[in-house]
């Protein structure tokens, strides 16, 4: 079953614009991770934010986490055509011993040149 | 540093057959997780292996089984294949069983006829 829900399902922007994707989840988490997937390829890890963190940056990426609202957002600034991909949030449940990541259905981002 | 590699890349089977998928973990990683990704959906957790033992399992029937070897590589076995097993099977390795980013291979595309 899918825990996370990404919003929007699809997003189309022009190069240079910012892209914001949102994720909501239901359970207590150890951490939340964002991944990118190009068509037909594996997932690439972008950023991990722990439950006691509120914001994290990595290059053009900014992730926020609000555990009281059980939500996260991924901001990609100054987007490029190469950022075109599906983006997934994945939650790492606090109650399990292993990392059984629970993924949402993803946001398909298209960056037009 | 060698990344996660999976074999084969594509596979076609018929209903009722059995299949074995293979995964070599990234150097320095001791944990392997397997995911099933149906077309247009997010990955779903199948199981995780740590120290050659199953360390958590998702909502998959017993005909999905696995192994982890002393070199941390892993196999996913699926018996009595069904049409709904058609999917991209992703392997991910990590430095530990909990709280770590997961590094994915490009997957095995399994088609059931």
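The values are calculated or read from the model by the stated rules, or taken from the named source; none is laboratory data. Computed from a predicted model, the values in this text were never measured in an experiment. Here the Cβ positions follow ideal geometry from the backbone for every residue, glycine too, while neighbour counts run over all protein chains shown.
Looking at B:39, B:88, B:110 in this structure, which one is in contact with a helix residue (DSSP H, G or I) (Cβ under 7 Å, 6 or more places away or on another chain), within 14 Å of chain A (Cβ to nearest Cβ) and either surrounded by 17 or more Cβ atoms within 10 Å (Cβ to Cβ) or touching a residue at least 24 places away in the same chain (Cβ under 8 Å) (or both)?
B:110
One line per residue, one yes/no per condition, for (1) facing chain B (nearest Cβ under 10 Å); (2) assigned to a strand (DSSP E or B):
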position: A:12; (1), (2): no, yes
position: A:35; (1), (2): yes, yes
position: A:46; (1), (2): yes, yes
position: A:49; (1), (2): no, yes
position: A:52; (1), (2): no, no
position: A:56; (1), (2): no, yes
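Give the residue, chosen from B:30, B:77, that is more than 11 Å from chain A (Cβ to nearest Cβ), free of Cβ contacts under 8 Å to residues at least 60 places away in the same chain and more than 24 Å from residue A:108 (Cα to Cα).
None of the others qualify; the one that does is B:77.
Quick check on the range A:78-85. Is at least one of its residues out of contact with any helix residue (DSSP H, G or I) (no Cβ under 6 Å at 6 or more places or on another chain) and either buried (at least 20 other Cβ atoms within 10 Å of the Cβ) or modelled with pLDDT under 95 (or both)?
Within the range A:78-85 (the criterion being out of contact with any helix residue (DSSP H, G or I) (no Cβ under 6 Å at 6 or more places or on another chain) and either buried (at least 20 other Cβ atoms within 10 Å of the Cβ) or modelled with pLDDT under 95 (or both)), the answer is yes, since at least one residue qualifies.
Does residue B:20 satisfy the condition of being away from chain A (no Cβ under 12 Å), at pLDDT 95 or above and within 13 Å of the chain's Cα centre (by Cα)?
Yes.
In the list A:68, A:58, A:99, which residue meets the criterion of being in contact with a strand residue (DSSP E or B) (Cβ under 6 Å, 6 or more places away or on another chain) and either at pLDDT 95 or above or farther than 30 Å from residue B:9 by Cβ (or both)?
A:58
Can you tell me which residue among B:44, B:68 is at pLDDT 95 or above, surrounded by 14 or more Cβ atoms within 10 Å (Cβ to Cβ), within 14 Å of chain A (Cβ to nearest Cβ) and closer than 15 Å to residue A:101 by Cα?
B:44
Going through A:65, A:109, A:75 one at a time, which residue ends up being more than 14 Å from chain B (Cβ to nearest Cβ), under 18 Å from residue B:42 (Cα atoms) and outside any loop (DSSP other than H, G, I, E, B)?
Matching residue, one of A:65, A:109, A:75: A:109.
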